[in-house]
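**Student:** Here's a structure for you.
The values are calculated or read from the model by the stated rules, or taken from the named source; none is laboratory data. Owing to the predicted nature of the structure, the values given are computational and were not obtained by experimental measurement. FYI the Cβ positions are ideal-geometry reconstructions off the backbone, even for glycines, and counts take in every protein chain you see. Keep in mind that these areas ignore ligands, DNA and RNA; they rest on the heavy atoms of the full protein, side chains included. Shrake-Rupley method; radii C 1.70, N 1.55, O 1.52, S 1.80 Å.
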Amino acid sequence: MDRKRIRTTLVPAVTAALALASGAVALTTVSPAQALENGVARTPPMGWNSWNTFGCNINESLIRQMADAIVNSGLRDLGYQYVVVDDCWFNPNRDSSGNIQGDPSRFPSGMKALGDYLHNKGLKFGIYQVPVDKTCAQYFNSYPGATGSQGHEAQDARQFAAWGVDYLKYDWCSPNGTINDQVATFAKMRDALKATGRPIVYSINPNSIHSKTGPQRNWGDVANMWRTTEDITNKWDTGQTNGYPMGIQNIVNVTVPLASYAGPGHFNDPDMMEIGRGGMNDTEMRSHFALWAMMASPLIAGNDIRSMDSATQTILKNKNLIAINQDSLGLQATQVSNDGTRRVLAKKLANGDVAVALFNQGGSTTTVSTTTSAIGKSGGTVTLTDAWTNATSTTSGTISASVPAHGTVVYRVSSPGSSPSASPSASPSVSPSVSPSASPSASPSASPSASPSTSPVPGGCSATIKTINSWGGGFQSEVTVQAGSSAVNGWTVKWTWPGGQTISSLWNGRQSSSGSSVTVTNESYNGSIAAGASTTFGFTANGSAATPTATCTSP
Ligand code: GLA
């Protein structure tokens, strides 16, 4: 849904609070062992959401028609289960007891009746709410009222459970709050949902109207899925690193490095799909689906299911890719290589197969290659099954394909005698074999050491670079910009790469690099840092992980 959202609406007064957000702290204090275990979302949730196509224009007959279409098109039987009613479903006023209610003109039969309708069709019921006072539509004045869950968490959770809700999308929708405030606030609803006793998928978005905290930590202790980026749009590349609106390539850049966070019950969410909504060619639409499948992303369609053309159906119904996405190991593909144009991802599957994606990020057809050993299938002849064509071939070394601009070829790579479908009983403990540093379950191979930083002088700032993840040929870092004993208004961080590293994507800052010299200045929303406080930005880079000394200046 395109909206005229102006990111500069973020009021400067809140930026000091935002600046306190420190993903570095959170990353080191939350261990994956604390993952939320509520029994649901053992594989990435699949379904449909109203927002991308309909925005605020929703009502019960539309949702029922969509449910009918999901069943009649065969999508339900392929796994698309959750029907999620996004923003603008509620009465702008709570009742006299403070209960949230459906909007009586949009949902005259009530929300319980809608839940019953969906359940009778073999579908599941998803609904949208926020932890603050106003939903995003209410914040942007496109819907009246202030009916967020703030102060009503337990009451709303009970109401949702009573309506038969199976999935809650809980959207931050505020410029306020540090990342630690967000963790605490999202945890309130997590606990309220648990207290209802009903299994409910908990889907959060920390990024809306806020600094992009989604990629700054592993939210698996709080939620079943968490948005990694700003909102998606139906374009391949919008030029954004993590700002509104995001194209497919931009979202992939942010989400690939977060692979180690994903597993059964907890998944990175690169947003609802744009397949079937125009704005991209067929190759790009296929690539979008293939990459979401490889990234173990929730597959939530965002198109009008009542009027899908055959190209859209071919994509959304690709059983090979759905099987890769829904594999019981729940692993997100890790990056094998990325030279800026040719990007290779590999996803280990429960029956010992490995899915490999050969992704061409460039503007013209090129050959993308990897090897059996790079993806952990060395030692003999393997069969490659093309996920789009079902064509098979064999190799004992090179895996390659000619891939059109923005295309993604996916092969399922099997050893002789392996069953084509993932066996749920396959042991998840087989040793990770993608590459020593690319194991999805391995802890980040990067050294935890950070670059030195000098103490900032009054009115000045300092910067520290820390590597938080690395893989063969690339790494992800976080840079903490620390104010001294006076507040900072605008900052510039500079460093020089020691070994030819190059930044492939950067968020929460603006980059102007030249050769090995890197200069990053603040975005409009994170330039002001209160005295003694800090803010962070992050990047992914090609080359071997390095932590050069960075300098920080403030005008
Ligand atoms: C935010 C979310 C979107 C959608 C809208 C609703 O922008 O990121 O997915 O839910 O709010 O207003």
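**Student:** What pairs in Lys134/Lys494; Lys169/Lys494; Lys319/Lys377 have C-alpha atoms more than 27 Å from each other?
**Tutor:** Lys134/Lys494; Lys169/Lys494
**Student:** Still on this structure, I have one more. Given a 1.4 Å probe, how much area per residue of the chain is accessible, in Å²?
**Tutor:** 34
**Student:** Sorted by mean Cβ packing within 10 Å, highest first, what order do the peptides 275-282, 545-552 take?
**Tutor:** Packing proxy ranking, top to bottom: 545-552, 275-282.
**Student:** Mind jotting down the distance between the C-alpha centroids of segment 473-539 and segment 48-127, whole Å?
**Tutor:** 43
**Student:** Just to confirm a number: summing +1 for Lys and Arg and -1 for Asp and Glu over residues other than Thr196 whose beta-carbon lies under 15 angstrom from that of Thr196, what do you get?
**Tutor:** +2
**Student:** For segment 207-319, what is the Kirkwood estimate of the hydrodynamic radius, computed as the reciprocal of the mean inverse distance between distinct Cα atoms, to one decimal in Å?
**Tutor:** After inverting the pairwise mean of 1/r, the radius is 14.3 Å.
**Student:** Can you pull the percent of the chain's accessible area that's carbon plus sulfur, 1.4 Å probe, other chains left in place?
**Tutor:** In the chain, the share of accessible area belonging to carbon and sulfur is 50 percent.
**Student:** Moving to a separate point now. Between Asn120 and Asp309, take the C-beta separation as r, use R0 = 22 Å, and let me know the FRET efficiency to the nearest 0.05.
**Tutor:** After rounding to 0.05, the efficiency reads 0.15.
**Student:** What net charge do the residues around Ser415 carry, taking every other residue with its C-beta under 14 Å from that of Ser415, with Lys and Arg at +1 and Asp and Glu at -1?
**Tutor:** Here the charged neighbours net out to +2.
**Student:** Which of rounded, prolate or oblate describes segment 128-223 when judged by the alpha-carbon gyration tensor and an a/c cut-off of 1.5?
**Tutor:** Judged from the Cα gyration tensor, segment 128-223 comes out oblate (a/c at least 1.5, b/c at or above a/b).
**Student:** Follow-up question, since we're still on this one. So how do 111-118, 321-328, 58-65 stack up, highest first, on mean other-Cβ count within 10 Å?
**Tutor:** Output ranking for 111-118, 321-328, 58-65: 321-328, 111-118, 58-65.
**Student:** Rg/Rh for segment 280-332: what does it come to with C-alpha atoms and Rh from Kirkwood?
**Tutor:** 0.97
**Student:** Shifting gears a bit: Please list, ordered by chain and number, the residues whose modelled amide H lies under 5 Å from the amide H of Ser208; skip anything fewer than 5 residues away on the same chain.
**Tutor:** Amide H to amide H, under 5 Å and 5 or more residues apart or across chains, Ser208 pairs with Trp172, Cys173.
**Student:** Just the number, please: Stokes-Einstein D of segment 258-361 in µm²/s, Kirkwood Rh from C-alpha pairs, 10 °C, 1.306 mPa s.
**Tutor:** Translational D for this selection: 112 µm²/s.
**Student:** Shifting gears a bit: Only four residue types carry charge here, +1 at the Cβ of Lys and Arg and -1 at the Cβ of Asp and Glu. Report the dipole size of segment 216-313 about the Cα centre in Debye, rounded to the nearest 20.
**Tutor:** It comes to approximately 120 debye.
**Student:** Given the rule -39500 (n - 2.57) for each run of at least 4 DSSP H residues, summed and divided by the residues of the chain, what is its mean residue ellipticity at 222 nm, to the nearest 500 deg cm²/dmol?
**Tutor:** -5500 deg cm²/dmol
**Student:** Once you have all Cα-Cα distances for segment 72-140, histogram them in 5 Å bins from zero and send the whole-percent values.
**Tutor:** Each 5 Å bin holds this share of Cα pairs: 3, 14, 21, 23, 17, 12, 6, 3, 1.
**Student:** Name the shape class, rounded, prolate or oblate, that the alpha-carbon gyration tensor gives for segment 365-405, where a ≥ b ≥ c are the square roots of its eigenvalues, rounded holds for a/c under 1.5, and otherwise prolate holds if a/b is larger than b/c and oblate otherwise.
**Tutor:** It comes out oblate by the Cα gyration axes.
**Student:** Please report, in whole Å, how far the alpha carbons of segment 511-555 spread along each principal axis, starting with the longest.
**Tutor:** 34, 18, 17
**Student:** Next question, about the same structure. May I ask for the Kirkwood hydrodynamic radius of the chain, worked out over all distinct Cα pairs and given in angstroms to one decimal?
**Tutor:** 23.9
**Student:** Let me ask you something else. Rounding to the nearest 20 debye, state how big the charge dipole of the chain is about its Cα centre with +1 on each Lys and Arg Cβ and -1 on each Asp and Glu Cβ.
**Tutor:** 320
**Student:** OK, next. Tell me the chymotrypsin sites (Phe, Trp or Tyr not before Pro) within segment 517-555 that lie in a loop according to DSSP and have at most 13 other beta-carbon atoms within 10 Å.
**Tutor:** Taking segment 517-555 and a limit of 13 other Cβ atoms within 10 Å, no loop chymotrypsin sites (Phe, Trp or Tyr not before Pro) are found.
**Student:** Only helices at least 20 Å long along their own axis, judged from Cα atoms, and with Kyte-Doolittle mean hydropathy of -1.0 or greater: name those in the chain from DSSP H.
**Tutor:** 179-196
**Student:** Here's a follow-up. Contact order normalised by length for segment 208-268, with contacts defined as Cα pairs under 8 Å and 6 or more residues apart; what percent is it?
**Tutor:** It comes to 33 percent, rounded to a whole number.
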